[in-house]
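Bear in mind these aren't lab numbers, they're just calculated from the coordinates by the rules spelled out. Computed from a predicted model, the values in this text were never measured in an experiment. FYI the Cβ positions are ideal-geometry reconstructions off the backbone, even for glycines, and counts take in every protein chain you see.
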Amino acid sequence: MASLSVTTAGILASFLAFAPGAEAQLYCSKPIRPYCTTIAKPFSGASETRECSEEIEDFDRAASTYRDCLQDQIEKSNRLSRQVSDGFLSRNPIKPSLEGES
């Protein structure tokens, strides 16, 4: 079994130390439309209908999460805009960042 060199271990540790937390996420994952809703032919039976219904329910949950994420990013952007504007008007130094604010 190969061992990691000290340099490789240090590089890996630095990547892990600076990995962003979930609250600092700046990307909202857009849900993918269920494939079954794109098919023009009728379902072949009850099991296909049930599977598609479940996929649609999963999509609805993912879409709700996506909307919440987008709304959160909009609110963070609005706060940042106010901070920049207020900082400029008052000439107080600010640290513009979307990360870490809740």
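Can you give the FRET efficiency for GLU51 and SER85, using 1/(1 + (r/R0)^6), R0 = 35 Å, r = Cβ-Cβ distance, to the nearest 0.05? According to the calculation, E is roughly 0.10.
Label positions at ILE39 and SER64, each projected 7 Å from the Cα along the C-beta direction, are separated by 2.6 nm. Hydrodynamic estimate: the Kirkwood radius of the range 22-90 over Cα pairs, inserted into Stokes-Einstein at 4 °C and 1.567 mPa s, corresponds to D of 86 µm²/s.
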